[in-house]
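What follows is a set of notes on a single structure, which appears directly below.
The values are calculated or read from the model by the stated rules, or taken from the named source; none is laboratory data. The shown structure was predicted, so the numbers you read here are calculated from the model rather than taken from an experiment. Here Cβ is always computed from backbone atoms with ideal geometry, including for glycine, and neighbour counts include all displayed protein chains.
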Amino acid sequence: MCGIVAAVADSNIVPLLIEGLTRLEYRGYDSAGLALRDDASGGALSRFRSIGRVADLAEQAKNQSATSGIAHTRWATHGIPSERNAHPHMSDGIAVVHNGIIENYVALREMLLAQGYVFSSDTDTEVIVHLIVHLAKTAPDLFTAVAQTCKQLEGIYAIAVIRAADNCVIVSRHGAPLLLGLGDHGNYAASDASALLSVTRKIVYLEEGDVAEISLHGIRLVGAEGALLKIGVDRPIHISTLSAAEVEKGDYAHFMQKEIFEQPEVLAATLEMIGGAQSLSPNIFGATAPDIFADVNSVLILACGTSFHSGLVARYWIEQLAGIPCTVEIASEYRYRVSVPNPRQLVVAISQSGETADTLASIKFAKSLGMEKTLALCNAPESAIVRECALRFLTRAGKEIGVASTKAFTTQLAALFLLAITLGKIGRRISAKDEAEYLNDLRHLPLAVQKVLTLEPAIKIWAQRFADKHHALFLGRGLHYPIALEGALKLKEISYIHAEGYPAGELKHGPLALVDEDMPVISIAPNDALLSKLKSNLEEVASRSGELYVFADADSAITESARVHVLRLPEHYGLLSPVLHVVALQLLSYHIALVKGTDIDKPRNLAKSVTVE
Ligand code: AGP
């Protein structure tokens, strides 16, 4: 979703703003822009905007020089992607960039129109800049005008503001992420640390309602209640461990491909804490986990998209290993429905980014219903979702840049398996022997995934056959039904082929009507208790001239024929089999998208971090 970079430094900041925006491209955007304050002219603002890529904006601004400025990538919410709707928005010598949605913008717009302000875009954001101008007429300084403006905004925002007359940038956030960067030659703000890697690793995460004035020599920071805060005391300084290699493609053609191949490594990192242990401690979820888990009688998982799918797999594991009910809900639905709260339920929020607005709101909603036993399962340590929950487990997938989630998903699965074992142990459903065996299986998982990656050449050949397809069906059963959903999501996200995931037994209740010679049916067929049932479902497809692409285990006993193609995964992996099968489906989607020539890492209309509703 939108990205912000802002800087005040002792030398030209234009290259940094452009580099920062380039680093934020992965978040998804449709236009970009920047506003620069020209010291030479005594502070005039110049603005550049482009509906193309950041590279086009860089071309426009290549001869510019400034020591302060704000920059933005926009993902349209209000108003089509166009130059007039691109940020920064300007009014009377002030420029604003904004990430989020202002829910009361209609009322504010009417008030400002009545005051004579002229609007030149269709965005919700433009009210912010006019309101700042309006309030600055009576406020002692820009900082106060911005703080007063924020008090009137309803909704979600991270903003950066610059004024021709001041050599500083004012920033604030509520609901959307924004952090400060402390450098040796300047001070900065950005949506995430990757944008500032070339100038600093010293990061301060802003809290809800914080307002900061960034200048060359320091940062003035005021909290939501108006108190002056000390950086390093009230807001800790974190040293970002993000490496340049994490945000670069290296020898891979796309971030998605790199991230698929990083899975053995990041699974090992996520599971590092189990070392050679034969037994798990609940403390891996937080110091208070033993007390919280001891009283838990069920689990509610809240998540969106791919993270929702990992929750669906976890439901099978938790009910089987821990013997307690587990429900999984799409966060954007749960937050608005009337449900029956259960204070003894463990509420688990799963999120790669930790900033997904719906997931964050759903966890707040659960808490408002009296459900305080909350656990964040997240890939971003200081994210809003982590801070909102009583317990946390941090996956160690590293930065995921490709919009289509891959390594974040498999590390979530590893973490959720640890949760299922832990709950099973607390509920005395798992013997010490079984626990030790599950931990051994987890330890072997990176190697097992590595073996699946060797299927890439064969998957590439399959991918060629999908180039002219418009639809695809993914089938799975049991634990692998959510993997069918995830396979379908991956394919539609990056190849734009319409795909549906179904539990194979459901086929005859409707979707079978879609099957013909043009409909590839991708099936996940591990050698488990449901294999014989699945085979009957595959027969139903074959007898309607459907073309089957089957990911089987070595011993699945599925016979190949002209219209039944079979790829065998190197080993059968029991309860952890979904982790292996999804890797094969990720590779399939990737190579189909490659054949189709789509923008794999930045698929149309999508954003990496969905910070609006
Ligand atoms: C997956 O490929 C997605 N792009 C998307 O579904 C994503 O998983 C979803 O938006 C949730 O994001 P989160 O894990 O950061 O909360």
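Of the residues LEU514, LEU567, which single one is out of contact with any helix residue (DSSP H, G or I) (no Cβ under 7 Å at 6 or more places or on another chain), more than 30 Å from ALA322 (Cα to Cα), surrounded by fewer than 22 Cβ atoms within 10 Å (Cβ to Cβ) and not small (Gly, Ala, Ser)?
Working: LEU567 fails: out of contact with any helix residue (DSSP H, G or I) (no Cβ under 7 Å at 6 or more places or on another chain).
It is LEU514.
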Requested in this report: Look through THR410, THR422 and report the one residue that is among the polar types (S, T, N, Q) and under 17 Å from the mean Cα position of the chain (by Cα).
Outcome: THR410
Requested in this report: Could you tell me which numbered condition LEU423 fails, if it satisfies all but one of (1) in contact (Cβ under 8 Å) with a residue 40 or more places away in the chain; (2) farther than 28 Å from LYS608 by Cα; (3) surrounded by fewer than 23 Cβ atoms within 10 Å (Cβ to Cβ)?
Outcome: (3)
Query raised in the report: Would a scan of region 288-301 turn up a residue that is at pLDDT below 95, within 16 Å of the ligand (Cβ to nearest atom) and in a loop (DSSP other than H, G, I, E, B)?
Result: no
Query - Single unsatisfied condition, THR559 versus (1) of a type in the set (Ser, Thr, Tyr); (2) over 25 Å from TYR496 (Cα atoms); (3) at pLDDT 90 or above; (4) in a loop (DSSP other than H, G, I, E, B) - result: (3)
Query raised in the report: If you check every pair at least six apart or on different chains, which have Cβ atoms under 7 Å apart with a residue in region 452-469 that is more than 16 Å from LEU569 (Cβ to Cβ) and assigned to a helix (DSSP H, G or I) first and a residue that is of a type in the set (Val, Ile, Thr) and at pLDDT 95 or above second?
Result: ALA463/ILE592; ALA463/VAL595; GLN464/VAL595
Query - Identity of the residue in region 562-583, of a type in the set (D, E, K, R) and more than 24 Å from GLN412 (Cα to Cα), that ends up nearest to the ligand (Cβ to nearest atom) - result: ARG568
Query raised in the report: Can you name the condition, by its number, that ALA472 falls short on among (1) without any contact (Cβ under 8 Å) to a residue 60 or more places away in the chain; (2) within 16 Å of the ligand (Cβ to nearest atom); (3) aliphatic (A, V, I, L, M); (4) outside any helix (DSSP H, G or I)?
Result: (2)
Query raised in the report: Is at least one residue of region 529-544 within 25 Å of LEU413 (Cα to Cα) and not in a helix (DSSP H, G or I)?
Result: yes
Requested in this report: State all residues of region 391-410 that are among the aliphatic types (A, V, I, L, M) and within 15 Å of TYR590 (Cα to Cα); if no residue qualifies, say none.
Outcome: ILE401, VAL403, ALA404
Report task. Starting from residues that are at pLDDT 95 or above and away from the ligand (no atom under 16 Å from the Cβ), keep the ones in region 325-336 and report whichever is surrounded by the most Cβ atoms within 10 Å (Cβ to Cβ). Result -> CYS326
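Filtering region 1-52 down to residues that are among the basic types (Lys, Arg) and either at pLDDT below 95 or surrounded by 24 or more Cβ atoms within 10 Å (Cβ to Cβ) (or both), which residue is nearest to the chain's Cα centre (by Cα)?
To start, the set of residues in region 1-52 that are among the basic types (Lys, Arg) comprises 23, 27, 37, 47, 49.
After this cut, where a residue has to be either at pLDDT below 95 or surrounded by 24 or more Cβ atoms within 10 Å (Cβ to Cβ) (or both) as well, the list is 23, 27, 37.
Working: ARG23: 15, ARG27: 8, ARG37: 33 Å.
Once the filter is applied, the top-ranked residue is ARG27.
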Requested in this report: Among the residues of region 280-296, write down those that are without any contact (Cβ under 8 Å) to a residue 12 or more places away in the chain and of a type in the set (A, V, I, L, M).
Outcome: ALA287
Requested in this report: Only residues in region 342-368 that are without any contact (Cβ under 8 Å) to a residue 60 or more places away in the chain count as the first member; pair them with residues that are assigned to a loop (DSSP other than H, G, I, E, B) and within 7 Å of the ligand (Cβ to nearest atom), Cβ under 8 angstrom, at least 6 apart or cross-chain, and list the lot.
Outcome: SER351/CYS304; THR359/CYS304
Report summary line: Among residues of region 584-600 being buried (at least 22 other Cβ atoms within 10 Å of the Cβ) and within 14 Å of the ligand (Cβ to nearest atom), the residue farthest from THR411 (Cα to Cα) is ALA593
Query raised in the report: Since LYS364 meets every condition but one in (1) under 24 Å from ARG428 (Cβ atoms); (2) more than 14 Å from the ligand (Cβ to nearest atom), which condition does it not meet?
Result: (1)
Report summary line: The condition from (1) modelled with pLDDT of 95 or more; (2) surrounded by 23 or more Cβ atoms within 10 Å (Cβ to Cβ); (3) of a type in the set (A, V, I, L, M, F, W, C) that ALA504 misses is numbered (1)
Report summary line: Selection from region 307-324 of residues in contact with a Lys or Arg (Cβ under 9 Å, 6 or more places away or on another chain) and crowded, with 23+ Cβ neighbours inside 10 Å yields LEU321, ALA322
Query raised in the report: Does region 367-388 hold any residues that are surrounded by fewer than 22 Cβ atoms within 10 Å (Cβ to Cβ), modelled with pLDDT of 95 or more and in a loop (DSSP other than H, G, I, E, B), and which are they?
Result: LEU369, GLY370, MET371, GLU372
Requested in this report: Report the residue count in region 396-426 for those that are more than 13 Å from the ligand (Cβ to nearest atom) and among the polar types (S, T, N, Q).
Outcome: 1
Requested in this report: Determine whether VAL348 is at negative phi, assigned to a loop (DSSP other than H, G, I, E, B), more than 9 Å from the ligand (Cβ to nearest atom) and among the hydrophobic types (A, V, I, L, M, F, W, C).
Outcome: no
Query raised in the report: Within region 15-42, how many residues turn out to be closer than 21 Å to LEU178 by Cβ and in a helix (DSSP H, G or I)?
Result: 12
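One line per residue, one yes/no per condition, for (1) over 28 Å from ARG429 (Cβ atoms); (2) within 16 Å of the ligand (Cβ to nearest atom):
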residue: THR306; (1), (2): yes, yes
residue: GLY311; (1), (2): no, yes
residue: GLN320; (1), (2): no, no
residue: ASP358; (1), (2): yes, yes
Query raised in the report: Being among the polar types (S, T, N, Q), closer than 28 Å to GLN352 by Cβ and crowded, with 23+ Cβ neighbours inside 10 Å, is that true of even one residue in region 61-70?
Result: no
Query raised in the report: Does at least one position in region 43-51 carry a residue that is in a loop (DSSP other than H, G, I, E, B) and of a type in the set (Phe, Trp, Tyr)?
Result: no
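Table: residues versus (1) at pLDDT below 90; (2) on the phi < 0 side of the Ramachandran plot; (3) crowded, with 16+ Cβ neighbours inside 10 Å; (4) of a type in the set (Val, Ile, Thr).
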site	(1), (2), (3), (4)
ILE522	no, yes, yes, yes
VAL541	yes, yes, yes, yes
SER545	yes, no, no, no
GLU571	yes, yes, yes, no
